[in-house]
Structures are given as structure tokens and as C-alpha cells.
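All remarks here apply to the structure that follows.
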Amino acid sequence: FTTDRLNRTQIMDSEQDEHQIQERLSLALFADDKESSIRIYDDVIARFALRGETKIDFAVARAMYYKVISLRILHRDDEALACGESLISRFSDCQDVRVETLIAESLLLKGAILGKKHLVTEEIAAYDEIFARFSDRDESCLAQPYAKACLWKGITLGSLGLPHEELATYNFMID
């Protein structure tokens, strides 16, 4: 997608239809110019963050999550971590499973970034937070990030030469 097409899809005001906001976010996600995408996400966050409506909360959470992805693509990991933390804290009490899925995915990205920075204790803590938040949940959309957290934690423990802990993590996933 070109920046020109992205700029032509404007959010008009706070009464904008959720579908149009989601369409704009999707266009921004696949835009070639990630800096422009980040400006779009920031605009959605600034305009709608305080609305407190479930459908708009999802759009704001999605904008924050997409911003994390764009920052990762640009190798701006510290900013990606900060944005992900903001998403997690802002929506920690949200009951919308779509938002909770974005929280789980943000925690996965947090773990991956911390692992890349060789901050293994913090990486494992990010995966453990997924287990703590979602272990008693059975929604299918949470199953994938939960399983990925188990896998990635197991791989991390294996790379540290901790095969018993690695195996216990995989067994935890199966149970």
C-alpha cells in the first residue's frame, strides 16, 4: 500500500464508524512507510483512547499493537517495549476477549524482544505473565498465544541448559 492511499483514508471525528477505523488500521499495517503507519496509530490512540466503548477500545488496542509491530520492524525495540507495556497496563481490566488476545500477543512480543536483548529472566517473566493471566481461560483465540508462550519458554529454558525445566514447560502445555 502506498502512503498516498493511506493518507486518503482519513478518520473524520470521534463519531467515526468502527469499521472505518479498523479499515484505516489495516491499511496502515500493510503500508510500506512504517513511520506514516505509526502516525496513523498515534492519531487513533489520541482521538479514541478515552472513549471507553468496547468496540472503540478494541480499535485503540489494535492501534497500539500494530504500533508495536511497526516499531519492531523499524528495530526500535525500546519504543516497542514501552508501547506494548502501555497497551498491557491500559487494558489490564478489559473483559473483551479480542483485547485480551492483543494483550497476550503483546506479552509474546515483549518476551521475544527481551530474549533478543539477552534479558532471559525478564523474557521468561513475560511468558509466565501469559500463563498467570490466561491459564484458566478456554477461548480459542487465546489458545495460540498461550501455546506459543509455552513453546518459547521451553526453547529458552533449553538454550540455558535446563532440560528438566524445558520438559516441564512442554508438559504444562499438554496438560
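Quickly estimate the mean residue ellipticity at 222 nm for the chain, helices only: each DSSP H run with n ≥ 4 gives -39500 (n - 2.57), and the total goes over all residues, rounded to 500.
-25000 deg cm²/dmol
Report D for the chain in µm² per second (integer): Stokes-Einstein, Kirkwood Rh on Cα pairs, 10 °C, 1.306 mPa s.
Taking Rh from Cα pairs, D becomes 93 µm²/s.
List, in order, the whole-Hz ³J(HN,Hα) value for each residue of segment 97-108 obtained from phi through the Karplus relation with A = 6.51, B = -1.76, C = 1.60 and θ = phi - 60°; use x for Gly and Pro.
Listing the rounded values in order: 4, 5, 5, 4, 5, 5, 5, 4, 5, 5, 5, 4 Hz.
Is the C-alpha gyration tensor of segment 80-161 telling us rounded, prolate or oblate? Criteria: a/c under 1.5 is rounded; beyond that, a/b larger than b/c is prolate, otherwise oblate.
Values: a/c = 2.48, a/b = 1.38, b/c = 1.80.
Oblate.
On a 0 to 90 degree scale, rounded to 10, what angle separates helix 34-48 from the longest Cα axis of the chain?
Its long axis makes an angle of about 80 degrees.
I'd like the Karplus ³J(HN,Hα) series for segment 121-138: coefficients 6.51, -1.76, 1.60, θ = phi - 60°, whole numbers in Hz, and an x wherever there's a Gly or Pro.
Taking θ as phi minus 60°, the curve returns 4, 5, 4, 4, 4, 5, 5, 5, 5, 4, 4, 5, 6, 10, 5, 9, 9, 10 Hz for segment 121-138.
Which residue, A147, A28, A63, tops the fluctuation ranking in a GNM of the chain built on C-alpha contacts under 10 Å?
In the Gaussian network model the winner is A147.
Rounded to the nearest 10 Å², what accessible area does V97 have for a 1.4 Å probe in the complete protein model?
That residue has around 40 Å² of solvent-accessible surface.
The values are calculated or read from the model by the stated rules, or taken from the named source; none is laboratory data. Quantities reported herein were computed from a predicted structural model and do not represent experimental measurements. Surface accessibility is based on the protein's heavy atoms, side chains included, excluding ligands, DNA and RNA. Shrake-Rupley method; radii C 1.70, N 1.55, O 1.52, S 1.80 Å.
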